[in-house]
Protein chains: 2
Amino acid sequence: MGKVLVFGHKSPDTDAICSAIAFAELKNKLGEEVEPVRLGEIGGETEYVLNYFHVDAPRLVKSVADEVPAVYLVDHNERGQSVDDIEKVEIRSVVDHHRIANFETKSPLYYRAEPVGCTCTIVNKLFKENGVALSKTTAGLMLSAIISDTLLFKSPTCTQEDVAAAKELEAIAGVDAATYGLDMLKAGTNIADKAAEELIQLDMKPFTMGSHAVEIAQVNVVDVQDALSRQDELEAAISKEIEAKHLDVFLLAVTNILTSDSEALILGKASEKTAEAFGVKLINHTATLKGVVSRKKQIVPVLNEKLAD
Amino acid sequence: MGKVLVFGHKSPDTDAICSAIAFAELKNKLGEEVEPVRLGEIGGETEYVLNYFHVDAPRLVKSVADEVPAVYLVDHNERGQSVDDIEKVEIRSVVDHHRIANFETKSPLYYRAEPVGCTCTIVNKLFKENGVALSKTTAGLMLSAIISDTLLFKSPTCTQEDVAAAKELEAIAGVDAATYGLDMLKAGTNIADKAAEELIQLDMKPFTMGSHAVEIAQVNVVDVQDALSRQDELEAAISKEIEAKHLDVFLLAVTNILTSDSEALILGKASEKTAEAFGVKLINHTATLKGVVSRKKQIVPVLNEKLAD
């Protein structure tokens, strides 16, 4: 078997990057030649993580079929979130914790999904099931991914399995999750030096919901008003994105990691319908989503229910 | 949590029935209330298995949403192969060994697929991973499913993991796989007492391949000529099915379990294209597919490649 590439979704977050690195380490230790790659620029939080553990960012790729006949996917399955030429390669396995949609294979494959908070929680199981020991560095990356995806165990996506995995990884990595975790999350909230165009792409995922083309982006902050002081600039960037991609709606969730609420900025012709899904009214294109911190658990299913008809 | 139903695909084969019974036993032993059910009539082979191990056939259901809010799927995922009202319930988990297609969920779920020969090989792992002991009877059912899906380990779908699982199950069940297995397979080849309409439905699966509606049925025999002596009657039944379901093609594979070849009877407006996919010419609507015994590995991907465009 030749080399296989493994990667997480476009607009990679910490889990997309770290689960790819960890999965590659597992496969390499099992004797396969696997390289982790990434499909986009990394954000401030992930940069903090990689610097902290002295790990290089995976190589950036725009296509894969010119390099390899087969790939492993982590932290995603939907076609629109994957590499542009995904249709041209064999998907040999998927390890993920999202809904399954817009995904199809010609042949049977290895697919491991569990409704847990973080892909790395599942990858941790795979290491144990295969009897492979984790390196200290990779344990640190995996712990970071769990902290990131669960907002330090406060997100409703966080399960007991995530907490248990984080405890194991904390011990191997030799860091204090609470202290390290808050520093890491705060590193992802520094948005002052980012252009609006960049901000809305940092952690953005496209979805097809019924006949609607939807994009949902999320930015973590410690001061929502500070972020919304740039609303005009953000709206201009979002409107350009809507026009370019013929979107029906774009939702930007500005999530306060300290209070666990989100302010949603919603544009596009389905924006009213989107607000209705959450039982709120838009004022100046925005609405507060109380207690909403999880795109996967609190935004996607709610919106899909409304738009999928 | 209330009761959950678990079931395999329509036109259930031995794996669809036995993996549902085994998965229900696992979940029941883990404290959940789970009932195995079936979506269609069982064939002669499965009847032999259930009689041999003194197990009642699961209850037949035509719908599930009127009974339960959530289900577990085994041995299938494609919507068209599942219960008619599958869209109305939550799919809480899937254990399967087929390609993934025409499958979509609103929320994350537990999905366990591996490219092995039989769902029961995966269910056997789940028993071990959860530290749950298998009953002698259920081990016998699971062994039967592996023998059925791998044609006594001779199908190209059979992996080392299936062979290893069968060995473990053989010991627990206390039967000789070779002797018992051949008797069991032969019990499934008695087609003399079946009407043509019934024969083509016994182990039939519908597929959507590109814009084509396809149905592929398989019948195991020990004498192909004997089966084809009823070609006129079979063609009439298939033509009726094509008309009723607006199919583009219907392929009936008559598989000789002793020689491991299949005779294909192919009707419908895409029949020539289907034959081309296998590099054969139809003579009187039939063609020999040398060495072809596996729908999943040797028929579906080949046909999908041709028709999916």
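The values are calculated or read from the model by the stated rules, or taken from the named source; none is laboratory data. Remember, predicted model here, so these are calculated numbers, not experimental data. Cβ coordinates were reconstructed from backbone atoms using ideal geometry, including for glycine residues, and neighbour counts include every protein chain displayed. These accessible areas exclude ligands, DNA and RNA; they are computed on the full protein's heavy atoms, side chains included. Shrake-Rupley method; radii C 1.70, N 1.55, O 1.52, S 1.80 Å.
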Given +1 on the Cβ of Lys and Arg, -1 on the Cβ of Asp and Glu, and no further charges, what dipole in debye does chain A carry about its Cα centre, rounded to the nearest 20?
640 debye
When the accessible area of segment A:232-309 is computed with all protein chains present and a 1.4 Å probe, what percentage of it is carbon and sulfur?
53 percent
Can you compute the modelled spin-label distance between A:E197 and B:T179, with each label point 7 Å from Cα toward Cβ, in nm?
7.7 nm
Nearest 100 Å², what total accessible surface is buried between chain B and chain A (probe 1.4 Å)?
2200 Å²
Measuring from its Cα centre, segment A:236-285 shows a charge dipole (+1 at each Lys and Arg Cβ, -1 at each Asp and Glu Cβ) which, in debye to the nearest 20, is 100 debye
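Could you order peptides A:233-242, B:106-115 by the average number of other Cβ atoms within 10 Å of their residues, highest first?
B:106-115, A:233-242
Suppose we keep just the DSSP beta bridges with both residues in chain A; what percent of those would be antiparallel, to 5? Don't jump to the answer; show the numbers that get you there.
Values: 18 of 43 bridges.
Expressed as a percentage, antiparallel bridges in chain A total about 40.
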Largest first, what is the accessible-area ranking of B:K167, A:K245 with a 1.4 Å probe?
B:K167, A:K245
Could you pull the Rg and Dmax for segment B:196-309, using just the Cα atoms, both in Å?
12.7, 37
Which one of A:V132, A:N51, A:H97 has its Cα pushed farthest toward the positive end of the charge dipole of segment A:1-141, where Lys and Arg give +1 and Asp and Glu give -1 at the Cβ?
A:V132
Say we join alpha carbon atoms closer than 10 Å with springs in a Gaussian network model of chain A; which of A:H212, A:H54, A:H76 then has the biggest fluctuation?
A:H54
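Using a ≥ b ≥ c from the Cα gyration tensor of segment A:12-80 (square roots of the eigenvalues), is it rounded, prolate or oblate, where a/c under 1.5 gives rounded and otherwise the larger of a/b and b/c decides, a/b for prolate? Walk me through the numbers on the way to the answer.
On the way: a/c = 1.81, a/b = 1.25, b/c = 1.45.
Cα axes put segment A:12-80 in the oblate bin.
Rounded to a whole number, what % of the accessible area of segment A:59-98 do carbon and sulfur atoms account for, probe 1.4 Å?
Values: 760 of 1550 Å².
Taking all protein chains in place, segment A:59-98 shows 49 percent carbon and sulfur surface.
Keeping all protein chains in place and using 1.4 angstrom, which order do A:D96, A:D203 fall into by accessible surface area, from largest down?
Ranked from most to least accessible, the order is A:D203, A:D96.
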All alpha-carbon distances of the protein assembly as shown, grouped into 10 Å bins from 0, give the whole-percent distribution 3, 16, 24, 24, 18, 10, 4, 1, 0
Return the aspartates and glutamates within reach of A:K306: Cα separation strictly under 19 angstrom, same-chain partners fewer than 8 residues apart disregarded; answer none if there are no such residues.
A:E215, A:D248, A:E272, A:E276, B:E87, B:E90, B:E104
Report the one residue of B:L185, B:G80, B:N304 whose Cα lies farthest in the direction of the positive end of the charge dipole of chain B (charges on C-beta: Lys and Arg +1, Asp and Glu -1; origin at the Cα centre).
B:N304
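On average, how many beta carbons from a partner chain sit within 10 Å of the beta carbon of a residue in A:94-107? Please list the in-between numbers first.
Working: counts 3, 0, 2, 3, 4, 6, 11, 4, 1, 4, 9, 8, 9, 9.
Mean inter-chain Cβ contacts per residue within 10 Å come to 5.
Please report, in debye to the nearest 20, how large the charge dipole of segment A:81-227 is about its Cα centre when each Lys and Arg carries +1 at its beta carbon and each Asp and Glu carries -1 there.
The calculation lands at about 500 debye.
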What shape does segment A:155-215 take by its C-alpha gyration tensor, where a ≥ b ≥ c are the square roots of the eigenvalues and a/c under 1.5 counts as rounded, a/b above b/c as prolate, and the rest as oblate?
oblate
Which of A:Q160, A:Q298, A:Q201 ends up with the largest GNM mean-square fluctuation for chain A, with Cα atoms connected below 10 Å?
A:Q160
If I model a spin label at A:K290 and A:E272 as a point 7 Å from the Cα along the Cα→Cβ vector, what separation in nanometres do I get?
2.5 nm
Taking the label point 7 Å from Cα in the Cβ direction, how far apart in nm is A:K245 from each other copy of itself, listed shortest first?
3.8
With a 1.4 Å probe on protein heavy atoms only, tell me which residues of segment B:111-136 lose at least 20 Å² of accessible surface in the complex relative to the chain by itself.
B:Y111, B:R112, B:A113, B:E114, B:P115, B:E129
Between A:A133 and A:E305, what length in nm is gained on full extension when 0.36 nm per residue of separation is reduced by their alpha carbon distance?
57.7 nm
For every helix of n ≥ 4 consecutive DSSP H residues, a contribution of -39,500 (n - 2.57) applies; sum these over the protein assembly as shown, divide by its total residues, and give [θ] at 222 nm rounded to the nearest 500 deg cm²/dmol.
-11500 deg cm²/dmol
Cα lying deepest toward the dipole's positive end in segment B:160-309, options B:Q225, B:L199, B:G279, charges on Cβ
B:G279
Per 20 Å bin from zero, what fraction in whole % of the C-alpha pairs of chain A is there, up to the bin with the longest pair?
35, 59, 7
Taking chain A as a Gaussian network, Cα atoms linked when under 10 Å apart, which of A:G181, A:G140, A:G210 shows the biggest mean-square fluctuation?
A:G210
Accessible area of B:R230 in the full protein assembly, 1.4 Å probe (Å², nearest 10)
40 Å²
May I ask which of B:K62/B:K269; A:K106/B:K290; A:K290/B:K3; B:K10/B:K245 have a Cα-Cα span longer than 25 Å here?
B:K62/B:K269; A:K290/B:K3
Under 13 Å from A:K136, Cα to Cα: aspartates and glutamates that are on another chain or at least 8 residues apart
A:E25, A:E168, A:E170
With DNA, RNA and ligands ignored, accessible area of B:T286 (1.4 Å probe; Å², nearest 10):
20 Å²
Give me the accessible area per residue for chain A, probe 1.4 Å, as a whole number in Å².
39 Å²
Part-to-part distance (alpha-carbon centres) for segment A:23-94 and segment B:263-309, which is given in Å:
36 Å
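For segment B:32-191, what Kirkwood radius comes out of the mean inverse Cα-Cα distance, in Å? Don't skip to the end; give the middle numbers.
Working: mean 1/r = 0.0599 Å⁻¹.
Its Kirkwood hydrodynamic radius stands at 16.7 Å.
For segment A:107-181, what does the alpha-carbon gyration tensor say about shape, rounded, prolate or oblate, given a ≥ b ≥ c as the root eigenvalues, a/c under 1.5 as rounded, and a/b over b/c as prolate? Intermediate values should be presented prior to the final figure.
Working: a/c = 2.38, a/b = 1.27, b/c = 1.88.
Since a/c reaches 1.5 but b/c is at least a/b, the shape of segment A:107-181 is classed as oblate.
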